[in-house]
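Trainee: Pasting a structure here, questions to come.
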Amino acid sequence: MPSLMINNETIEVPDGTMLIDAARQAGVEIPTLCYLEGIQRIGACRVCLVEVEGARTLMTACTTPVTDGMKVKTNSKRVREGRRTVLELLLSEHEGDCQSCVRNDDCELKKLAQLFGIEEVHYKGSKVPRKTDWSTSALVRDPGKCIMCRRCITVCNEIQNVGSLAPQGRGFKMSIGPAFEHPLSDVVCVQCGQCSLVCPVGAISERDQIEKVFEALDDPDKHVVVQTAPAIRAALGECFDYPPGTLVTGKMVSALRRLGFDAVFDTNFAADLTIMEEGNELLTRLKNALQDGKQTALPMFTSCSPGWIKYMEHRHPDMLDNLSTCKSPQQMFGAVAKTFYAEKIGKRPEDICVVSVMPCTAKKFEAQRPEMQASGMADVDVVLTTRELGRMIRRAGIQFQSLPDDTMDSPLGMSSGAADIFANTGGVMEAALRTAYEVITGRTLPFENLHVQPLSGLDGIKEAEVRIEGTQPEWRFLEGVTLKVAVAHALGNAEKLLQRIQSGESEYHFVEVMTCPGGCIGGGGQPRITDNATRLARIEAIYREDEGKRIRKSNENPEILQLYGEFLGQPLGEKSHHLLHTKYVLRNEV
Amino acid sequence: MGNENITACACQEDVPLEELLTRVDPVIEQYRQKPGGLIPALQIVQGIIGYLPEEAIKRIASGFGKSFSEVAGVVGFYSFFSTTPRGRHVIRVCLGTACYVRGAGQVLEAIKRNLQIDVGETTKDRIFSLEVARCFGACGLAPAIMVDEDVHHRVKPSRVGDIFERYRLRRNGGEAVIMAERSAAL
Ligand code: SF4
Ligand code: SF4
Ligand code: SF4
Ligand code: FES
């Protein structure tokens, strides 16, 4: 193990450690803009400069490996001046309008400029023209603010396997974006927003719709209801300086009520509904295939994640039949709110405005799909990301930290623990297994604390097998069958899994895919993160929320049973088919 | 890159783009598995079509299993790729040292003004494209420009219009004028 001296302190680090990680181990923070833990170290921004004894020039800590006996200074005059010059050069090429910039609160460039005491920029740089790109429903791009750190490119290409963004042109005219500086809507982009999650500045961000929600709330003729996705409660706190992994469910409900929503409901309710529909769809497909020998597309893929759906529509048109026909929980909620709930309170669908709070930018895209209008009106009217809700609460002057806990309204507000874990990679699968196993055998899923351990955690592709024995009469054909399932998160992993399935290397009955690394807790609309520690903290919080619930299985949620009893009839019935299921379309391949 | 001289051959002038695009597929087939095959494939396709229209780039991207944006980035990075159709005549201005010190910069500016296009662009009537080059061995007679295969020596910024006029004439039976001049010069 090489040892090195950082600012007069000697530490030992494993072989192959980079200076940046060694410094962190020694408790020394080094500024970064292009570095992304575990994903990108390319030495592009040069803000991580340090002084290495014996080296002629300052070195970039993110690309310099530690060698034995190295002596490093991270806070010398030379280092500070070097970093300041780098920052000034970046600022000289940057269209800075911090006052009106969406990143004013959490801009990494601005933070560093302040940290290094930059009061004046001594250079004149050539700026990329702004040409703000409003072409998509989820994201806004402002190339004038781009500092060419390439984080978005790496994430979009390597993590998501989509490749919407690349360097275009060369020299002073270079910019980062879609082919030939076209609007984003002209190229394949799944709207996942992972680029907006890692962008250090205001060059890619969510399309802000806060004012649209305020407008609806101000309209006396509108009955405005809100739903919050399972992942929000484990991340919203970060917008108010709580540490990652703090659950703020109760305060979130209070805040929404104070914002003036007529009813505060839960997407979790619709997650339970999804399990009822999707679980039954799976069982029907299995029955068709295993008992009746009918042609049936297997494995069945989950359909909750709109980025994944769009990806399949662009890239794997031959496998669209494998996607569950279930709408996502967000859309199921909207469809039920504008029919069942509307009838209950004596309103027409057009009098109701459904607002969603989602961890996801792709949900903005999903909500405006023409397929999503079960009541004749859009199922969901406006989608806010977690980041937007955080800003909205602050704009309204609500002191989040001092809010009391409150609970969701009835009849679309109750949920089981199975719904909570929709937020985590592996969670939809676990939730489905909890219910499906019980339907098939009449017994509880035989895993400790109902957690299907092999499906949790941050491995890119996870598998599990569940052997079915002691079936109920209706499900005899499953007696002795080993149910094989798999889980992938991040589309790059999903693509690998798809290839294994297509080549026949792996066979599964049911596959869960979530577009974002870690699942919805790491969604493109969540408070910005660039590390797995935060993802894991949120995942833990979600499991805690699940374990704290009295009801842990979707099929036991009394409000769901009431919905079927009073309105839907049965899963996969006529009404469900019309309201809760959807179709997919073909899209351009490149 | 050895292939920068691949340009469209005039006999294909009237082949419709759709037809040309079908000739892209065998090129993709040939190069998709080869490491580093993207750039030669792009060069050959540019040779077939004369430039790289977006439809061709998309086709190549999908054939190579890459994204449109990535391949567009590659095309934009190398100066020998052109995404606009080339004109009937390609003008190249030498910016080599000798030409440069003898006023090639002013010549280039004059040409841009005269044709109302920038380097890498083609005039609206598709007669001229403008490119820059690095020395075609005419240093003794700098500044030099090339129009297609003809080298023009000691070009004066004020006279560039006259040179181009003769190529414009070509279309209307002006061929003879040029041939006559050429043989006179030999
Ligand atoms: S990106 Fe950062 S530095 Fe640039 S305008 Fe926005 S807040 Fe200011
Ligand atoms: S939203 Fe997703 S797919 Fe689109 S550019 Fe960003 S990372 Fe790529
Ligand atoms: S858009 Fe943002 S993430 Fe992408 S290169 Fe520019 S600054 Fe970096
Ligand atoms: S963080 Fe090291 S060069 Fe950007």
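Trainee: Which one is surrounded by the most Cβ atoms within 10 Å (Cβ to Cβ) among residues in the range B:64-85 that are more than 8 Å from chain A (Cβ to nearest Cβ) and at pLDDT 95 or above?
Mentor: B:75
Trainee: Please give the number of the condition residue A:302 fails out of (1) in contact with a helix residue (DSSP H, G or I) (Cβ under 6 Å, 6 or more places away or on another chain); (2) surrounded by fewer than 20 Cβ atoms within 10 Å (Cβ to Cβ).
Mentor: Residue A:302 satisfies all of (1) in contact with a helix residue (DSSP H, G or I) (Cβ under 6 Å, 6 or more places away or on another chain); (2) surrounded by fewer than 20 Cβ atoms within 10 Å (Cβ to Cβ) except (2).
Trainee: With A:529, A:551 as the choices, which residue is touching a Leu at 6+ places or on another chain (Cβ under 8 Å) and aliphatic (A, V, I, L, M)?
Mentor: Among A:529, A:551, only A:529 is touching a Leu at 6+ places or on another chain (Cβ under 8 Å) and aliphatic (A, V, I, L, M).
Trainee: Out of the range A:153-174, which residues are within 11 Å of chain B (Cβ to nearest Cβ), crowded, with 21+ Cβ neighbours inside 10 Å and in contact (Cβ under 8 Å) with a residue 40 or more places away in the chain?
Mentor: A:160, A:162
Trainee: If residue A:112 meets every condition in (1) out of contact with any Gly (no Cβ under 6 Å at 6 or more places or on another chain); (2) over 22 Å from residue A:514 (Cβ atoms); (3) within 14 Å of chain B (Cβ to nearest Cβ) apart from one, which number is that one?
Mentor: Residue A:112 satisfies all of (1) out of contact with any Gly (no Cβ under 6 Å at 6 or more places or on another chain); (2) over 22 Å from residue A:514 (Cβ atoms); (3) within 14 Å of chain B (Cβ to nearest Cβ) except (3).
Trainee: Inspect the range A:138-156 for any residue being among the β-branched types (Val, Ile, Thr), touching a Phe, Trp or Tyr at 6+ places or on another chain (Cβ under 9 Å) and more than 11 Å from ligand 2 (Cβ to nearest atom) and give the result as yes or no.
Mentor: Looking through the range A:138-156, at least one residue is among the β-branched types (Val, Ile, Thr), touching a Phe, Trp or Tyr at 6+ places or on another chain (Cβ under 9 Å) and more than 11 Å from ligand 2 (Cβ to nearest atom).
Trainee: So, in the range A:35-46, how many residues would count as being within 16 Å of ligand 2 (Cβ to nearest atom) and part of a loop (DSSP other than H, G, I, E, B)?
Mentor: Residues in the range A:35-46 being within 16 Å of ligand 2 (Cβ to nearest atom) and part of a loop (DSSP other than H, G, I, E, B): 1 in total.
Trainee: Tally the residues that are without any contact (Cβ under 8 Å) to a residue 40 or more places away in the chain, within 30 Å of residue A:160 (Cα to Cα) and in contact with a Lys or Arg (Cβ under 9 Å, 6 or more places away or on another chain), restricting the search to the range A:425-454.
Mentor: 2
Yes/no per residue for (1) under 24 Å from residue A:166 (Cα atoms); (2) assigned to a helix (DSSP H, G or I); (3) outside the structural domain of residue B:43 (by TED's automatic domain parsing); (4) touching a strand residue (DSSP E or B) at 6+ places or on another chain (Cβ under 7 Å):
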residue: B:73; (1), (2), (3), (4): yes, yes, no, yes
residue: B:83; (1), (2), (3), (4): yes, no, yes, no
residue: B:93; (1), (2), (3), (4): no, no, yes, yes
residue: B:101; (1), (2), (3), (4): no, yes, yes, no
residue: B:104; (1), (2), (3), (4): no, yes, yes, yes
residue: B:107; (1), (2), (3), (4): no, yes, yes, yes
residue: B:111; (1), (2), (3), (4): no, yes, yes, yes
residue: B:114; (1), (2), (3), (4): no, yes, yes, no
residue: B:117; (1), (2), (3), (4): no, no, yes, yes
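Trainee: Return the residue satisfying two criteria in turn: it lies in the range A:47-65 and is crowded, with 19+ Cβ neighbours inside 10 Å and in a loop (DSSP other than H, G, I, E, B), and of such residues it is farthest from ligand 1 (Cβ to nearest atom).
Mentor: It comes out as A:64.
Trainee: In this structure, is residue A:92 touching a Phe, Trp or Tyr at 6+ places or on another chain (Cβ under 7 Å), of a type in the set (S, T, N, Q) and over 25 Å from residue A:526 (Cα atoms)?
Mentor: Answer is yes for this residue.
Trainee: Let me ask something else about it. Against the condition surrounded by fewer than 18 Cβ atoms within 10 Å (Cβ to Cβ) and touching a residue at least 12 places away in the same chain (Cβ under 8 Å), how does residue B:139 come out, does it pass?
Mentor: Judged against the criteria, residue B:139 is a match.
Trainee: For the range A:171-200: of the residues being assigned to a loop (DSSP other than H, G, I, E, B), out of contact with any Leu (no Cβ under 8 Å at 6 or more places or on another chain) and not hydrophobic (A, V, I, L, M, F, W, C), which is nearest to ligand 1 (Cβ to nearest atom)?
Mentor: Among them, the one singled out is A:183.
Trainee: Among (1) within 16 Å of ligand 3 (Cβ to nearest atom); (2) of a type outside the set (Asp, Glu); (3) over 20 Å from the mean Cα position of the chain (by Cα); (4) assigned to a loop (DSSP other than H, G, I, E, B), there is one condition residue A:124 misses while meeting the rest; what is its number?
Mentor: (1)
The values are calculated or read from the model by the stated rules, or taken from the named source; none is laboratory data. Bear in mind that the values here come from a model prediction, so they are computed numbers and not experimental data. Because the Cβ atoms are built from the backbone with ideal geometry, glycine has one as well, and the counts that use them run over all protein chains shown.
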